[in-house]
Amino acid sequence: MTLTSEMVKQAALAAGADLCGIGDMARFEGAPKEMDPRYIFPEATRVIGLVFRIPRGVQRGIEEGIQFYQYPSMAYGGINEIYAPAVLYSLGKLIEDHGYEAAVYRNTGARGVVSDMDGSPGNTLSPEEQIEVMEQAKTKTAHHRSVQFTRPVREGNVAPDLQFHFRLAAVACGLGEIGWSKMFLTPQFGPLQRVAFLFTDAPLEPDPMYSGPPICRRCMACVRECPGQCLSKTESIVVNVGGKKCEWGKLDEWKCYAFYTHAGRKFNPFVPKEVFDKNENGCLDLLEGKAPANEKEIMKVYGALEKYFPTWVGYNMAKCGGCIRACVSMLEKKGGCMEHRFKEPLRTGKAWVMDR
Ligand code: SF4
Ligand code: SF4
């Protein structure tokens with residue numbers, strides 16, 4: 001039997017994906033060499049994108065400031081490590097049973113030759129600095145694992161591990177658009193999803209690029225509610241994917257990494273007040289923008305503060321999520337895509353902030 005796009009989509013949904021889109025690999029034309037997935041599987045003609053929704057209730061604990069582990073464990077660890085790989089595995093078997101290859105790519109969260117955060121060179125630190133950071137951090141979270149020394153296996157290749165831009169790949173599969181916050185938005189779930197991909201040489205019919213009404217309202221709630229002011233209101237990044245213009249606000253990725261994990265004195269109920277007061281390990285300087293938020297400084301502070309909130313879920317513990325919750329709240333209230341999903345809104349009062 002001929003394998004069709006419809007069969008692939010039905011199988012993906014039956015296995016547990018919430019959405020499935022199929023893109024043409026040619027839509028990656030123009031991507032930087034180090035982020036071009038065509039190097040992973042040169043014969044692939046299609047990319048299959050799978051969306052896994054993040055249940056809104058997984059963020060309830062952070063929204064109330066009461067429980068911070070469910071979001072990283074369920075929405076990061078759970079989806080990236082369990083749910084998505086299981087669906088990729090199942091879908092891959094269907095494709096390979098029809099004589100085509102299925103190169104699966106779950107979210108590794110790793111940094112290869114380029115950073116998965118901003119596409120900048122992955123190894124920004126000197127070898128000595130990398131070793132120093134590894135020793136100081138003494139942890140094995142996804143980002144720490146990435147400290148590495150890589151080189152191409154042959155001339156003309158890029159060095160491993162190639163990390164393509166997940167959100168733009170989701171755009172290439174016709175699943176949605178990039179919001180001002182740089183989050184990937186779908187009409188079905190707004191910013192609440194994670195994605196995984198499969199590359200194949202199966203000659204499937206691709207989906208068109210998303211051309212529905214704009215999902216992002218350009219309301220700038222994500223800018224206003226970022227505790228670290230990491231997202232610019234005026235400066236933007238523009239790229240073209242498969243003929244579709246994608247534009248998002250310029251994000252200071254390393255600063256976001258610092259705030260996402262450590263959140264600062266007004267948003268981190270785990271670190272004793274005195275630690276911030278004494279500016280231990282320069283944490284306050286870093287989190288309040290008085291010191292440069294570069295990789296080396298951030299990893300030093302990370303190692304020092306991690307004892308207060310061990311990453312036992314295997315992922316950085318999220319304390320922020322300001323942009324994603326602001327976006328959900330705005331899309332529910334003002335409409336556009338999420339206004340009919342829930343009987344009650346995510347947020348009924350003001351977002352919390354600690355008074356110190
Ligand atoms: S909060 Fe507003 S501006 Fe930001 S991504 Fe969501 S809809 Fe777009
Ligand atoms: S995750 Fe937090 S720190 Fe990063 S951009 Fe969003 S609100 Fe800002």
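The values are calculated or read from the model by the stated rules, or taken from the named source; none is laboratory data. Note that the structure is predicted; figures quoted are calculated from it, not measured. Methodologically, a virtual Cβ is constructed for each residue, glycine included, from the backbone with ideal geometry; neighbour enumeration extends over all protein chains shown. Only protein heavy atoms, including side chains, enter the accessible area calculation; ligands, DNA and RNA are left aside. Shrake-Rupley method; radii C 1.70, N 1.55, O 1.52, S 1.80 Å.
Can you name the residue in the stretch 219-240 that is touching a Gly at 6+ places or on another chain (Cβ under 9 Å) and away from ligand 2 (no atom under 16 Å from the Cβ) and is also least open to solvent (accessible area, probe 1.4 Å) among such residues?
Val239
Cβ-Cβ below 6 Å, separation at least six or inter-chain, first residue in the stretch 1-23 and in the same structural domain as Phe199 (by TED's automatic domain parsing), second among the polar types (S, T, N, Q): which pairs?
Sorted first by the residue in the stretch 1-23, then by its partner, the pairs are Ala15/Ser90; Ile22/Ser5.
Hey, does the stretch 160-174 have a residue that's within 16 Å of ligand 2 (Cβ to nearest atom) and within 18 Å of the chain's Cα centre (by Cα)?
The answer is yes; a qualifying residue exists.
So, in the stretch 2-18, how many residues would count as being out of contact with any helix residue (DSSP H, G or I) (no Cβ under 6 Å at 6 or more places or on another chain) and either open to solvent by less than 30 Å² (accessible area, probe 1.4 Å) or at positive phi (or both)?
3
Taking Phe164 and the conditions (1) in a loop (DSSP other than H, G, I, E, B); (2) open to solvent by 10 Å² or more (accessible area, probe 1.4 Å), which numbered condition does it fall short on, given that it satisfies the others?
Unmet condition: (2).
Specify which of the listed residues (Lys278, Lys319) is away from ligand 1 (no atom under 16 Å from the Cβ), at pLDDT below 75 and outside the structural domain of Gly78 (by TED's automatic domain parsing).
Lys319
Scan (1) open to solvent by 10 Å² or more (accessible area, probe 1.4 Å); (2) under 18 Å from Gly57 (Cβ atoms) for the single condition Cys337 breaks and write down its number.
Answer for Cys337: the failing condition is (2).
Based on this model, can you work out whether Gly249 counts as over 21 Å from Phe68 (Cβ atoms), open to solvent by less than 30 Å² (accessible area, probe 1.4 Å) and within 16 Å of ligand 2 (Cβ to nearest atom)?
yes
Quick one: in the stretch 187-218, which of the residues that are within 14 Å of the chain's Cα centre (by Cα) and within 20 Å of Ile237 (Cβ to Cβ) is farthest from ligand 2 (Cβ to nearest atom)?
Val195
Restricting attention to the stretch 42-89, which residues are hydroxyl-bearing (Ser, Thr, Tyr), part of a helix (DSSP H, G or I) and under 20 Å from Glu6 (Cα atoms)?
Answer for the stretch 42-89, where residues must be hydroxyl-bearing (Ser, Thr, Tyr), part of a helix (DSSP H, G or I) and under 20 Å from Glu6 (Cα atoms): just Tyr89.
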